[in-house]
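The values are calculated or read from the model by the stated rules, or taken from the named source; none is laboratory data. For clarity, every value in this text was computed on a predicted model and none was experimentally measured. Here Cβ is always computed from backbone atoms with ideal geometry, including for glycine, and neighbour counts include all displayed protein chains. SASA here: full protein model, heavy atoms, side chains in, ligands and nucleic acids out. Shrake-Rupley method; radii C 1.70, N 1.55, O 1.52, S 1.80 Å.
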Amino acid sequence: MAATERITMTMRELDRYKVIQDVADGMLKPWRAAERLGLTTRQIRRLVGRLRDLGAPGLVSGRRSKPSNNRLGAVTADRAISIIRERYADFGPTLACEKLRECHGLVLSKETVRAAAWANWCRSTAAITGSRTGRRPARCWCTWTMPPAG
(Lines give C-alpha, C1' and ligand atoms only; values in the text may rest on other atoms or scores of the structure.)
Protein backbone atom coordinates (compact mmCIF):
# COMPACT_ATOMS: atom_id res chain seq x y z
CA MET A 1 0.00 0.00 0.00
CA ALA A 2 1.40 3.41 -0.95
CA ALA A 3 2.05 5.97 1.76
CA THR A 4 -0.32 8.92 1.68
CA GLU A 5 1.13 12.38 1.47
CA ARG A 6 -0.57 15.40 3.00
CA ILE A 7 -0.47 18.63 1.02
CA THR A 8 -1.91 22.02 1.83
CA MET A 9 -3.93 23.77 -0.83
CA THR A 10 -5.83 27.02 -0.82
CA MET A 11 -9.45 26.98 -1.92
CA ARG A 12 -8.42 28.58 -5.21
CA GLU A 13 -5.85 25.86 -5.81
CA LEU A 14 -8.39 23.19 -4.88
CA ASP A 15 -10.91 24.59 -7.38
CA ARG A 16 -8.15 24.71 -10.00
CA TYR A 17 -7.28 21.07 -9.20
CA LYS A 18 -10.86 19.95 -9.75
CA VAL A 19 -11.13 21.71 -13.11
CA ILE A 20 -7.73 20.46 -14.31
CA GLN A 21 -8.62 16.93 -13.16
CA ASP A 22 -11.80 17.11 -15.24
CA VAL A 23 -9.73 18.13 -18.26
CA ALA A 24 -7.27 15.28 -17.65
CA ASP A 25 -10.17 12.81 -17.37
CA GLY A 26 -11.68 14.10 -20.63
CA MET A 27 -14.85 15.39 -18.97
CA LEU A 28 -14.11 19.03 -19.77
CA LYS A 29 -12.69 20.68 -22.87
CA PRO A 30 -9.47 22.70 -22.35
CA TRP A 31 -10.98 25.88 -23.78
CA ARG A 32 -13.88 25.65 -21.32
CA ALA A 33 -11.47 25.14 -18.42
CA ALA A 34 -9.48 28.14 -19.64
CA GLU A 35 -12.64 30.25 -19.53
CA ARG A 36 -13.51 29.06 -16.02
CA LEU A 37 -10.05 29.66 -14.59
CA GLY A 38 -9.25 32.80 -16.54
CA LEU A 39 -6.19 31.19 -18.17
CA THR A 40 -5.15 30.37 -21.71
CA THR A 41 -5.49 26.94 -23.26
CA ARG A 42 -1.70 26.66 -23.31
CA GLN A 43 -1.58 27.17 -19.55
CA ILE A 44 -4.30 24.54 -19.16
CA ARG A 45 -2.22 22.05 -21.18
CA ARG A 46 0.82 22.86 -19.03
CA LEU A 47 -1.17 22.35 -15.81
CA VAL A 48 -2.61 19.06 -17.08
CA GLY A 49 0.94 17.89 -17.79
CA ARG A 50 2.06 18.87 -14.29
CA LEU A 51 -0.94 17.07 -12.81
CA ARG A 52 -0.09 13.90 -14.72
CA ASP A 53 3.62 14.09 -13.84
CA LEU A 54 3.52 15.27 -10.22
CA GLY A 55 -0.06 14.76 -9.12
CA ALA A 56 -1.90 17.30 -6.97
CA PRO A 57 1.32 18.79 -5.47
CA GLY A 58 2.25 19.91 -9.00
CA LEU A 59 -0.59 22.44 -8.93
CA VAL A 60 0.42 23.98 -5.60
CA SER A 61 2.29 27.26 -5.75
CA GLY A 62 6.06 26.80 -5.79
CA ARG A 63 6.57 30.11 -3.94
CA ARG A 64 4.77 28.93 -0.82
CA SER A 65 6.80 29.21 2.40
CA LYS A 66 9.70 30.88 0.61
CA PRO A 67 10.89 34.35 1.56
CA SER A 68 10.04 37.34 -0.59
CA ASN A 69 12.54 38.47 -3.18
CA ASN A 70 12.07 42.07 -2.03
CA ARG A 71 12.72 41.55 1.66
CA LEU A 72 15.21 43.68 3.55
CA GLY A 73 18.49 41.92 4.27
CA ALA A 74 19.13 40.96 7.87
CA VAL A 75 22.45 42.83 7.96
CA THR A 76 20.86 46.05 6.67
CA ALA A 77 17.94 45.77 9.09
CA ASP A 78 20.26 45.13 12.06
CA ARG A 79 22.45 48.06 11.07
CA ALA A 80 19.44 50.38 10.77
CA ILE A 81 17.99 49.23 14.09
CA SER A 82 21.30 49.63 15.90
CA ILE A 83 21.77 53.15 14.49
CA ILE A 84 18.22 54.09 15.47
CA ARG A 85 18.75 52.71 18.99
CA GLU A 86 22.05 54.55 19.44
CA ARG A 87 21.20 57.94 17.95
CA TYR A 88 17.53 58.28 17.06
CA ALA A 89 15.61 56.38 19.73
CA ASP A 90 13.18 59.24 20.31
CA PHE A 91 12.56 59.94 16.61
CA GLY A 92 9.49 58.83 14.71
CA PRO A 93 9.85 56.54 11.69
CA THR A 94 9.74 59.37 9.13
CA LEU A 95 12.46 61.46 10.75
CA ALA A 96 14.55 58.37 11.55
CA CYS A 97 14.27 57.34 7.90
CA GLU A 98 15.43 60.79 6.76
CA LYS A 99 18.39 60.74 9.16
CA LEU A 100 19.39 57.26 8.05
CA ARG A 101 19.38 58.47 4.45
CA GLU A 102 21.20 61.78 5.07
CA CYS A 103 23.79 60.79 7.66
CA HIS A 104 24.35 57.06 7.14
CA GLY A 105 23.57 56.39 3.49
CA LEU A 106 20.82 53.84 4.26
CA VAL A 107 17.94 54.37 1.86
CA LEU A 108 14.84 52.83 3.43
CA SER A 109 11.19 53.80 3.34
CA LYS A 110 9.51 54.96 6.53
CA GLU A 111 7.27 51.88 6.44
CA THR A 112 10.33 49.62 6.18
CA VAL A 113 11.87 51.39 9.18
CA ARG A 114 8.60 51.06 11.09
CA ALA A 115 8.26 47.35 10.26
CA ALA A 116 11.90 46.58 11.16
CA ALA A 117 11.56 48.47 14.44
CA TRP A 118 8.30 46.67 15.24
CA ALA A 119 9.76 43.24 14.46
CA ASN A 120 12.83 44.04 16.56
CA TRP A 121 10.65 45.34 19.39
CA CYS A 122 8.55 42.16 19.41
CA ARG A 123 11.66 39.95 19.54
CA SER A 124 13.24 41.95 22.35
CA THR A 125 9.98 42.03 24.32
CA ALA A 126 9.56 38.26 24.02
CA ALA A 127 13.12 37.76 25.24
CA ILE A 128 12.64 40.09 28.21
CA THR A 129 9.18 38.99 29.34
CA GLY A 130 9.43 35.35 28.31
CA SER A 131 6.29 35.82 26.23
CA ARG A 132 5.95 33.61 23.17
CA THR A 133 3.80 36.00 21.19
CA GLY A 134 5.62 39.21 22.09
CA ARG A 135 2.37 41.14 21.84
CA ARG A 136 2.51 44.83 22.49
CA PRO A 137 0.60 45.99 25.59
CA ALA A 138 -2.64 47.81 24.79
CA ARG A 139 -1.56 51.02 26.57
CA CYS A 140 1.28 51.75 24.12
CA TRP A 141 -0.39 50.79 20.84
CA CYS A 142 -0.01 54.26 19.32
CA THR A 143 3.56 55.01 20.40
CA TRP A 144 6.47 54.26 18.12
CA THR A 145 9.52 54.95 20.28
CA MET A 146 11.79 51.98 20.50
CA PRO A 147 12.58 50.53 23.95
CA PRO A 148 16.24 50.35 24.96
CA ALA A 149 18.19 47.25 23.98
CA GLY A 150 18.59 44.58 26.58
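Starting from the Cα-Cα distance between residue 115 and residue 52, subtract it from 0.36 nm times their residue separation and give me the gain in nm to one decimal. Can you show the working numbers first?
Values: separation 63, 0.36 × 63 = 22.68 nm, distance 4.26 nm.
Stretched fully, the residue 115-residue 52 segment lengthens by 18.4 nm.
Between residue 64 and residue 86, how many nm apart are label points set 7 Å from Cα along the C-beta direction?
In this crude spin-label approximation the distance works out to 4.4 nm.
Please give the FRET efficiency for residue 71 paired with residue 31, using the beta carbon to beta carbon distance and R0 = 35 Å, rounded to the nearest 0.05. Provide the component values of the computation, followed by the final result.
On the way: r = 39 Å, r/R0 = 1.12.
After rounding, the FRET efficiency stands at 0.35.
On the protein heavy atoms, probe 1.4 angstrom, tell me the percent of accessible surface of the range 1-94 carried by carbon and sulfur.
On the way: 3510 of 6970 Å².
Heavy-atom surface of the range 1-94 belonging to carbon and sulfur, 1.4 Å probe: 50 percent.
Run the quick spin-label model on residue 40 and residue 99: label points 7 Å from Cα toward the beta carbon, then report their separation in nm to one decimal.
5.3
Could you give the nm distance between label points at residue 78 and residue 9, where each point is 7 Å from its Cα heading toward the beta carbon?
4.2
By average Cβ neighbour count within 10 Å, what is the ranking of 74-85, 21-32 from highest down?
Details: 74-85: 15.6, 21-32: 13.7.
Final packing ranking: 74-85, 21-32.
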